[in-house]
Amino acid sequence: MKIPFKAITLDDKEIITNFTLQSPYKNCDFSFANMCSWRFLYNSEYAVIDDFLLIRFWIENNDRPVYMCPVGKGDLSSSLERLEQDSLEHGHPLWLLGITPDGKINLEKAFPGGFRYIPDRDFFDYIYLREDLVNLTGKKYQPKRNHINKFIKQYRYEYMPITPELVPECLELERKWYKANRTEEDAEELSYERRSLTYALQHARELGLVGGSICVDHQIIAFSFGAPINEDTFAVHVEKADINYDGAYSMINKEFAAHIPEKYTYVNREEDLGIPGLRQAKLSYHPAILLEKYTAIKKTVAVNDDNSGQVQNTEAAQA
């Protein structure tokens with residue numbers, strides 16, 4: 001049976017989050033806000049079959065389908081078989097991206113030894129205890145407290161939730177940030193990011209986003225926004241600040257964490273993409289979990305001349 005995939009739209013939020021919010025998976029890929037605001041780049045699609053949520057998106061110039069780990073309760077092997085058939089129909093072995101250790105356990109239960117797993121450190125998620133980001137307690141957070149104390153002494157600031165009225169000011173700050181940080185090497189990636197960011201801010205209510213900003217002298221100098229991943233984990237999708245205000249990043253990080261609903265124990269601040277400065281910054285906040293993520297590649301079964309089946313590894317590069 002052909003999987004009836006359809007493009008992810010704002011109207012699909014309730015259907016998709018009925019699965020993801022109940023899921024144990026904490027990776028940022030399962031945030032509906034992420035799926036929807038990046039759909040322009042990956043042509044993200046979904047289907048619900050046999051009480052499982054199936055997510056498909058496209059890479060390599062829209063030629064190769066790749067999938068997320070099915071989310072649901074019941075026979076995972078049946079869903080994986082459907083995904084494999086769908087992928088083979090498009091001429092490619094099955095690739096599942098963003099597979100976390102708990103997802104790996106579930107895949108192995110469904111198909112013991114059936115997948116090859118390739119880790120990608122650049123896409124590991126940084127997950128923190130919300131209370132750590134708010135309280136910054138202990139010697140290890142002394143540098144962060146110093147930055148914040150310096151900011152408080154130097155500026156009179158106000159924390160403001162992002163409302164529709166503040167969106168133009170946030171976009172203006174992002175425009176300045178983009179102009180200051182763009183290089184020829186990353187111009188394309190940053191253009192994708194600003195397109196996603198703009199869409200998210202313009203559809204914040206429909207996406208279920210929570211956002212906050214720091215205002216100094218009636219001007220927004222930092223902002224952040226995110227959305228729930230599941231019942232105990234909140235994702236911070238975007239954080240921008242004017243570095244001319246020393247300590248602005250530390251301030252928005254702390255204030256935003258303090259205004260995330262207390263029901264969320266964990267804050268996922270996403271990956272570092274292999275960018276040295278970003279990696280150093282994320283590690284400096286001492287994550288409670290460095291969430292490993294793998295590409296899971298389904299092994300194929302080749303038939304020999306004697307008609308005996310032999311399992312082989314699919315030789316494929318990492319996505």
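Some points to look at:
- Within the stretch 33-88, the set of residues being among the polar types (S, T, N, Q) and either closer than 24 Å to Gly114 by Cα or touching a strand residue (DSSP E or B) at 6+ places or on another chain (Cβ under 7 Å) (or both) comprises Asn34, Asn43, Ser44, Ser77, Ser78, Ser79, Gln85, Ser87.
- Test: residue in the stretch 33-48 that is β-branched (Val, Ile, Thr), in contact (Cβ under 8 Å) with a residue 24 or more places away in the chain and within 15 Å of Leu97 (Cα to Cα): no
Residues checked against (1) crowded, with 17+ Cβ neighbours inside 10 Å; (2) part of a strand (DSSP E or B); (3) of a type in the set (Gly, Ala, Ser):
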| site | (1), (2), (3) |
| --- | --- |
| Arg116 | no, yes, no |
| Tyr126 | yes, yes, no |
| Asp132 | yes, no, no |
| Lys140 | no, no, no |
| Phe151 | yes, no, no |
| Tyr159 | no, yes, no |
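- Of all residues in the stretch 52-81, those being under 18 Å from Phe30 (Cβ atoms) and not in a strand (DSSP E or B) number 7.
- Test: residue in the stretch 20-31 that is modelled with pLDDT of 95 or more, farther than 17 Å from Thr100 by Cα and among the hydrophobic types (A, V, I, L, M, F, W, C): no
- Test set (1) surrounded by 13 or more Cβ atoms within 10 Å (Cβ to Cβ); (2) modelled with pLDDT under 95; (3) of a type in the set (D, E, K, R); (4) farther than 30 Å from Gly113 by Cα - Lys254 fails condition number: (2)
- Check on Arg82, modelled with pLDDT of 95 or more and under 20 Å from Ile229 (Cβ atoms): no
- In the stretch 278-290, the residues that are modelled with pLDDT of 95 or more form Cβ pairs under 8 Å with partners that are surrounded by 14 or more Cβ atoms within 10 Å (Cβ to Cβ) and polar (S, T, N, Q), at six or more places apart or across chains, as follows: Tyr285/Asn253.
The values are calculated or read from the model by the stated rules, or taken from the named source; none is laboratory data. Quantities reported herein were computed from a predicted structural model and do not represent experimental measurements. Glycine gets a Cβ as well: all are built from the backbone with ideal geometry, and neighbour counts include every protein chain shown.
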